[in-house]
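The structure under discussion appears below in the form of structure tokens.
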Amino acid sequence: MEDIYKIPSEKAEGFYKEKASKFISYLYPVQQVEDVEAAIEEIKSIHPKARHICYAYRLVPVFQQGKVQTMSFRINDDGEPSGTAGKPIYGQIQSAELHEILIAVVRYFGGTKLGASGLIRAYKTAAQEVCHAVNVKDKYEQTVIKIEFDYAIMGDIMNHIKSLDLVIQSKDFSLNPSMNVLFRKSIYPHQINLIKAKLLQRPVEDIEDDTEVEHVTFEPIV
């Protein structure tokens, strides 16, 4: 289905050497700019003497009519000649078809200038190495559903959410308890009906989108 996109499941590292210059690549899963900033600061703390930490990132895609249309991305040459670092790094992110990803490459100069073509090749290869080193998993376009419920059935709600492998984005256990839960957007009505069926102890075939469950409401968050 076209609501699927690929993301890295973990951090990874890569390495490339050309004419004594070292290129150390780092891959981080990221979802927002703050994640990118934190990752870059971490890399700087590991390599305080590095002259160049070049990077590119691509965040969560935006879907329109069931297809990826836009996404937030950025490239940074960090003092290298324009187009020789961030752009080839980003090219490897595109080639790997990955989102929610940051690739940063630390360069240590080896005494011999590589020229523009050499830099492009080196940053491209370093990014390629780290892409090959990482495990990848599928992720889906998601929507947030607010589930409100009585405390008496909170345990059942939690168990059913877990059985569907859904992610709880936030919880509010005040007087009127609720949870914001991430559902796969293309099939969330069916997933909600599965929860209703389990709560009502009825076959899912008997459940309609307008079937009500006492003391439970499901509200999409726009």
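Could you tell me whether any residue of the stretch 95-109 is more than 15 Å from the chain's Cα centre (by Cα) and of a type in the set (Asp, Glu)?
Looking for residues that are more than 15 Å from the chain's Cα centre (by Cα) and of a type in the set (Asp, Glu), one finds none in the stretch 95-109, hence no.
Would it be correct to say that Val68 is part of a strand (DSSP E or B), without any contact (Cβ under 8 Å) to a residue 24 or more places away in the chain, surrounded by fewer than 20 Cβ atoms within 10 Å (Cβ to Cβ) and among the aliphatic types (A, V, I, L, M)?
No: the conditions fail for Val68.
Can you find, within the stretch 41-58, the residue that is nearest to the chain's Cα centre (by Cα) among those that are at pLDDT 95 or above and hydrophobic (A, V, I, L, M, F, W, C)?
For the stretch 41-58, the residue satisfying everything is Ala56.
Just to be sure, is Asp150 touching a helix residue (DSSP H, G or I) at 6+ places or on another chain (Cβ under 6 Å) and either over 25 Å from Ile195 (Cα atoms) or surrounded by fewer than 17 Cβ atoms within 10 Å (Cβ to Cβ) (or both)?
So Asp150 fails the test.
Is it the case that some residue within the stretch 34-54 is loosely packed, with under 13 Cβ neighbours inside 10 Å, farther than 21 Å from Lys139 by Cα and touching an Asp or Glu at 6+ places or on another chain (Cβ under 9 Å)?
Yes - at least one qualifying residue is present in the stretch 34-54.
Here are some conditions: (1) over 14 Å from Val130 (Cβ atoms); (2) touching a residue at least 60 places away in the same chain (Cβ under 8 Å). Ile24 meets all but one. Which one does it not meet?
(1)
Collect the residues in the stretch 17-40 that are under 14 Å from the mean Cα position of the chain (by Cα) and hydroxyl-bearing (Ser, Thr, Tyr), keeping them in residue-number order.
Answer for the stretch 17-40, where residues must be under 14 Å from the mean Cα position of the chain (by Cα) and hydroxyl-bearing (Ser, Thr, Tyr): just Tyr28.
Any residue in the stretch 149-166 that's more than 15 Å from His215 (Cα to Cα): show its pairings with residues that are of a type in the set (Phe, Trp, Tyr) and surrounded by 15 or more Cβ atoms within 10 Å (Cβ to Cβ) at Cβ separation under 7 Å, as long as the two are six or more apart or on different chains.
Short answer, once both residue conditions are applied: Leu166/Phe183.
Given (1) closer than 30 Å to Ala20 by Cβ; (2) in contact with a helix residue (DSSP H, G or I) (Cβ under 7 Å, 6 or more places away or on another chain), where does Gln94 come up short, assuming only one miss?
(2)
Suppose we filter the stretch 100-123 for residues that are surrounded by 13 or more Cβ atoms within 10 Å (Cβ to Cβ), in contact with a strand residue (DSSP E or B) (Cβ under 8 Å, 6 or more places away or on another chain) and more than 13 Å from Leu27 (Cβ to Cβ); how many remain?
Qualifying residue count, the stretch 100-123: 9.
Taking the conditions exactly as written (among the aromatic types (Phe, Trp, Tyr), surrounded by 18 or more Cβ atoms within 10 Å (Cβ to Cβ) and assigned to a helix (DSSP H, G or I)), does Tyr90 satisfy them or not?
The answer is yes for Tyr90.
List pairs: first in the stretch 181-199 and touching a residue at least 40 places away in the same chain (Cβ under 8 Å) and farther than 12 Å from Thr211 by Cβ, second in a helix (DSSP H, G or I) and acidic (Asp, Glu), Cβ under 8 Å, 6+ apart or cross-chain?
What qualifies is Lys198/Asp156.
The values are calculated or read from the model by the stated rules, or taken from the named source; none is laboratory data. Since this is a predicted model, take the numbers as computed values, not measurements. When we count neighbours, we look across all protein chains shown, and the Cβ atoms used for this are built from the backbone with ideal geometry, even at glycine.
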